[in-house]
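Participant: Below you'll find the structure I mean.
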Amino acid sequence: MYPVSPQAYDRAITVFSPDGRLFQVEYAKEAVRRGATAIGVICADCVILVAHKNIVSNLLVPESMKKIFKIDNHIAVTASGLVADARRLVDMARTEAQKHRLLYNEPISVESVSKSLCDTMQIFTQYGGIRPFGVSLLIAGFDSEPHLYEAEPSGALTGYKAAAIGSGKKEVDEFFEKEYKLGLGIEEGIGLAVRALKKTTDSKLKAENLDIAEIVKGRKLKLLSDEEVNKYLSKA
């Protein structure tokens, strides 16, 4: 038999290399590591999402760069990596949430919609002619209790009390290991997330390059206005 070149496992078809690696999945994870940082924090009666937007030109319209997406009144998603891939997954999640409401006359659980997304992401690592989604998601929501899940390009699903994805993941995780405490209030949680995000960038954070969302028990998802974001930036 002719020897198989290592490059043969590095093509469009996702197959295992002899040492058990899936190169296409690893490339998708690298796309996430190069993406803007996004953070999720579970508080006492809410879940917080904070996402940084890389605005590389004064000609860009900041409002056109959305980094936090509403799935249902009680669920939101933020992404790092290829945001175009994230939009496709968000559409799938919204459809799943709407189907559940029509069928059962109740909102879908955060865990159910998270598992559904991860099932889809895993399928895209398994068949020829398709590539993995080059994005990681933080899925936050409040049903009977607050939830925060990370969905990786491989389809792996992990629950967290506080987590980050993107280029600043390592710095934020180290910060949370020292500073995060259970039972934070809303303002404490947002302040903690903003301080963590400041650890990942040398540039000054502004309201125009920051998206913040809060999902409070018994209330609908709320995206903070620029004035509210500036209030937290001035305190951090």
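The values are calculated or read from the model by the stated rules, or taken from the named source; none is laboratory data. Keep in mind that this is a model prediction, so the values were computed, not measured. Quick reminder, even Gly has a Cβ in these numbers, built from the backbone with ideal geometry, and neighbours come from all protein chains shown.
Matching residues to (1) polar (S, T, N, Q); (2) out of contact with any strand residue (DSSP E or B) (no Cβ under 8 Å at 6 or more places or on another chain); (3) at pLDDT below 95:
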site	(1), (2), (3)
Val110	no, no, no
Gln126	yes, yes, yes
Val135	no, no, no
Glu145	no, yes, yes
Tyr149	no, no, no
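Participant: Moving on to the next point. For residues in segment 49-97 being among the polar types (S, T, N, Q) and surrounded by fewer than 18 Cβ atoms within 10 Å (Cβ to Cβ), which is farthest from Ser116 (Cα to Cα)?
Facilitator: Per the stated criteria, the residue is Asn58.
Participant: Any residue in segment 56-69 that is closer than 11 Å to Ala86 by Cβ sitting within a Cβ distance under 7 Å of a residue that is assigned to a loop (DSSP other than H, G, I, E, B) and of a type outside the set (Gly, Ala, Ser)? List the pairs, counting only those 6 or more apart or interchain.
Facilitator: Lys67/Lys53
Participant: When you check Ala44 against the structure, is it buried (at least 23 other Cβ atoms within 10 Å of the Cβ) and touching a residue at least 40 places away in the same chain (Cβ under 8 Å), yes or no?
Facilitator: It is false that Ala44 is buried (at least 23 other Cβ atoms within 10 Å of the Cβ) and touching a residue at least 40 places away in the same chain (Cβ under 8 Å).
Participant: Restricting attention to segment 170-221, and to residues there that are among the small types (Gly, Ala, Ser) and assigned to a helix (DSSP H, G or I), which single residue is surrounded by the most Cβ atoms within 10 Å (Cβ to Cβ)? Can you show your working first?
Facilitator: Taking segment 170-221 as the starting set, the residues that turn out to be among the small types (Gly, Ala, Ser) are 183, 185, 189, 191, 193, 196, 203, 207, 213, 218.
Of the ones still in play, those that are also assigned to a helix (DSSP H, G or I) are 189, 191, 193, 196, 207.
Numbers: Gly189: 23, Gly191: 19, Ala193: 29, Ala196: 25, Ala207: 18.
Among those that are among the small types (Gly, Ala, Ser) and assigned to a helix (DSSP H, G or I), it is Ala193.
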